[in-house]
Amino acid sequence: MRTSQMLIPTLREEPGEAETVSHRLMLRAGMIRKVAAGIYTYLPLGLRVIRKVEAIIREEMNRAGAQELLMPIASPAELWRETGRWDFYGKELLRFKDRHERDFCLGPTHEEVITDLIRREVRSYRQLPLNCYQIQTKFRDEIRPRFGLMRGREFIMKDAYSFDRDEAGATVSYQKMYDAYHRIFTRCGLTFRAVEADTGLIGGTSSHEFMVLADTGEETILYADQGTYAANVERAEVLPPTETTTESPRPLRKVPTPGARTVEEVTALLKIAPQQLVKTMLYRTAKDTVAVLVRGDHEVNEIKVKKLLGVVEIELASPDKVAAVTGAPVGFAGPVGLRGTRILADQAVKALRNFVVGGNETDTHYVDANWERDFAVEQFADLRNARAGDPSPTGQGRLRVARGIEVGHVFMLGAKYSQSMKATFLDPQGQETMAVMGCYGIGVGRTAASAIEQNHDAKGIIWPAPIAPFHVHLLPLSQSAAVTEATRSLYDLLTQAGIEVLWDDRDERAGVKFNDADLIGAPCHLIVGEKGLAQGLVELKRRKTGEATRLPQDQVLTQVQAMLANLPKT
Ligand code: ATP
Ligand code: MG
């Protein structure tokens, strides 16, 4: 392809709207343009990358025995009402009415639609197992769309759904997808980790997230320094504390703490360590207000709280609510004398004696509080986020922390949807049996963006070869007949060998071409200049290292092939 014939609007300036490297570089390299918040047009270069990621996914899904179909973007409310998700999904579900006033939504995921298909078409155990997938545009009205393709509202997803005769079969299907995901992300040239994950809105029994490791990732991962344990912080278990205290309880005292609300302020004022303070966090559920106690140096894990309470939503109580419940402004809430509110506490609190808590009075805290004596805890449980240094829940080694971008997710759904939608089949004995399901997603645009997060430098993108928009960026440095002729023959030579070449045929200065080539990030740059050509030489440069060699034209093909072969392969 020739640059002059392609729409590649590169930007020299930093786009103001971009917050992450991948977002900035995709805009600057002319790959995407914003249409509305979280809604983008993929320009030709961007689309080439998307299509390459899709091709890898498609090959590996097919290899794993899944079959491709395509479901509609619009889906009728009735299906969502059957599973209860019409109400449950909340504002992420973009709803609309058709001309007959019928309710529809734009599909954020397709469990309902696929389960409806399968319950109609599958009658017998002989038709199972089945795994169907699609690569399709999803819409989720994300509260905070950001980082370009990383968290869009409209985005391309590969979603697959497996249906099995029983749990054992479902476990096999799950493992096949897990293995396929390993191959997909490896082929995309990414450094990633599969971690245990929470099952979130979709629910189910077991799940892994595939995380691309990157400092800009929104997810926190904990992994053991020994063994293979790795989990999303949402899920990572904390073992009960092993330390015990021999301190005897001292009398409870109320102390003035003027203006001291935060852990830092209170501990500084009282000259204590954060471990000697217990924070009281008030949460609202649909029914009531719950106090959650954690040690001053720990963070509440809201997902664990939700699980313990068996509710889908909790939110921190508003300042007004805190005042109404405790009689004091935010920062002074405490469990002593708290009325009409259930108290849950993290297991670490159980091991404490003589700790500090809020006094439920402005500018006041209690010191030497003791839970056995001063307030009633309804339940102690693991309610905090795991953190670096915690013992691994497997008992092997300690946990470390990394940041990650969730590019894929595999779920064991069990009978969640087959039950609510009555997706049954007849088993060999003629019994109606519930299909056991799994679902498996990959964010296509997010995968492309995370490849940039992992592979870039100050000048631009450094694409892993298998998903690069082009393999070779061909850069003639003049418009002379000799250079143009040599460039054309190199273009033909490489193209005929199946190598994808972007030929910068613009009448631009060398500097402009080099800058654009570095920004766009094809793995090989091939430079054709007047002087070199006079000696029969062209220059081949590796984008990643900048290392350049001059070579005769007849060696170009083998050298390019060698260079591409040394890069992650398709
Ligand atoms: P997140 O926690 O990041 O919102 P999710 O758990 O909602 O993700 P899933 O429902 O598991 O995501 O969707 C499957 C895959 O789709 C994710 O692993 C991710 O790669 C991609 N994805 C999800 N939401 C978005 C989005 N808003 N923009 C781009 N890709 C997305
Ligand atoms: Mg989400």
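Annotations
- Selection within segment 113-125 - surrounded by fewer than 24 Cβ atoms within 10 Å (Cβ to Cβ) and not polar (S, T, N, Q): Val113, Asp116, Leu117, Ile118, Arg119, Arg120, Glu121, Val122, Arg123, Tyr125
- Segment 27-110 holds helices (runs of 4 or more DSSP H) entirely within its bounds, and those carrying 3 or more residues that are out of contact with any Lys or Arg (no Cβ under 6 Å at 6 or more places or on another chain) and either over 24 Å from Leu190 (Cα atoms) or among the hydroxyl-bearing types (Ser, Thr, Tyr) (or both) map to 77-83, 85-88.
- Any hit, segment 56-79, residues being on the phi > 0 side of the Ramachandran plot and open to solvent by 30 Å² or more (accessible area, probe 1.4 Å): yes
- Verdict on Val367 being within 40 Å of the chain's Cα centre (by Cα), crowded, with 18+ Cβ neighbours inside 10 Å, closer than 25 Å to Pro249 by Cβ and in contact (Cβ under 8 Å) with a residue 24 or more places away in the chain: no
- Count of residues meeting criterion [near ligand 1 (Cβ under 8 Å from one of its atoms) and at pLDDT below 95] in segment 410-441: 1
- Filtered by the rule that a residue be under 25 Å from Val238 (Cα atoms) and either surrounded by fewer than 16 Cβ atoms within 10 Å (Cβ to Cβ) or at pLDDT 95 or above (or both), segment 311-326 gives Val311, Val312, Glu313, Glu315, Leu316.
- When Tyr161, Tyr133 are checked against the criterion of being farther than 30 Å from Gly310 by Cα and open to solvent by less than 50 Å² (accessible area, probe 1.4 Å), a single residue qualifies: Tyr133.
- Leading residue by the ranking (nearest to Glu218 (Cα to Cα)) among those in segment 1-55 that are of a type in the set (Asp, Glu) and open to solvent by 60 Å² or more (accessible area, probe 1.4 Å): Glu19
- The listed residues are Arg446, Arg488, and the only one of them that is surrounded by fewer than 22 Cβ atoms within 10 Å (Cβ to Cβ) and either within 21 Å of the chain's Cα centre (by Cα) or of a type in the set (Lys, Arg) (or both) turns out to be Arg488.
- Qualifying positions in segment 274-310 - open to solvent by 20 Å² or more (accessible area, probe 1.4 Å), under 19 Å from Val325 (Cα atoms) and part of a loop (DSSP other than H, G, I, E, B): Ala286, Lys287, Asp288
- Some residue of segment 201-221 being more than 16 Å from ligand 2 (Cβ to nearest atom), over 19 Å from Arg151 (Cβ atoms) and in contact with a Lys or Arg (Cβ under 7 Å, 6 or more places away or on another chain): no
- Test: Ile452 is within 16 Å of ligand 2 (Cβ to nearest atom), open to solvent by less than 10 Å² (accessible area, probe 1.4 Å) and closer than 30 Å to Ala224 by Cβ: no
- Residue list for segment 517-543, restricted to those being open to solvent by less than 20 Å² (accessible area, probe 1.4 Å), farther than 18 Å from Ile499 by Cα and touching a residue at least 40 places away in the same chain (Cβ under 8 Å): Asp518, Leu519, Gly529
- Residue selected from segment 134-162 under the condition over 26 Å from Ser418 (Cα atoms) and not in a loop (DSSP other than H, G, I, E, B), by the criterion nearest to ligand 2 (Cβ to nearest atom): Arg151
- Of the candidates Ile135, Ile114, Ile143, the single residue that is touching a residue at least 60 places away in the same chain (Cβ under 8 Å) and β-branched (Val, Ile, Thr) is Ile135.
- Listed conditions (1) in contact with a Leu (Cβ under 9 Å, 6 or more places away or on another chain); (2) open to solvent by 10 Å² or more (accessible area, probe 1.4 Å) are all met by Gly430, apart from (1).
- Of residues in segment 455-485 being within 23 Å of Gly217 (Cβ to Cβ) and among the hydrophobic types (A, V, I, L, M, F, W, C), the one surrounded by the most Cβ atoms within 10 Å (Cβ to Cβ): Ala468
Let's see how each residue does on (1) within 16 Å of ligand 1 (Cβ to nearest atom); (2) within 30 Å of Arg165 (Cα to Cα); (3) modelled with pLDDT under 95:
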position: Gly443; (1), (2), (3): yes, yes, no
position: Ala448; (1), (2), (3): yes, no, no
position: Ala451; (1), (2), (3): yes, no, no
position: Asn455; (1), (2), (3): no, no, no
position: Gly460; (1), (2), (3): no, no, no
position: Trp463; (1), (2), (3): no, no, no
position: Pro466; (1), (2), (3): no, no, no
position: Val483; (1), (2), (3): no, no, no
position: Tyr491; (1), (2), (3): no, no, no
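- Applying the criterion of at least 2 residues that are hydrophobic (A, V, I, L, M, F, W, C) and within 21 Å of His182 (Cβ to Cβ) to the helices (runs of 4 or more DSSP H) found wholly in segment 350-455 leaves 444-454.
- Residues of segment 328-343 include none that is touching a residue at least 12 places away in the same chain (Cβ under 8 Å), farther than 16 Å from Gln379 by Cβ and of a type in the set (D, E, K, R).
- Scanning segment 130-165 for residues that are within 10 Å of ligand 1 (Cβ to nearest atom) and more than 20 Å from Leu94 (Cα to Cα) yields one hit, Phe147.
- Output for segment 80-93, where each listed residue is more than 21 Å from the chain's Cα centre (by Cα) and either without any contact (Cβ under 8 Å) to a residue 24 or more places away in the chain or open to solvent by 40 Å² or more (accessible area, probe 1.4 Å) (or both): Arg81, Glu82, Trp86, Asp87, Phe88
The values are calculated or read from the model by the stated rules, or taken from the named source; none is laboratory data. These numbers come from a predicted model, not from an experiment. Reconstructed Cβ throughout: ideal geometry from the backbone, glycine too, with neighbour counts over all protein chains shown. Ligands, DNA and RNA are excluded from the accessible area calculation, which covers all protein heavy atoms including side chains. Shrake-Rupley method; radii C 1.70, N 1.55, O 1.52, S 1.80 Å.
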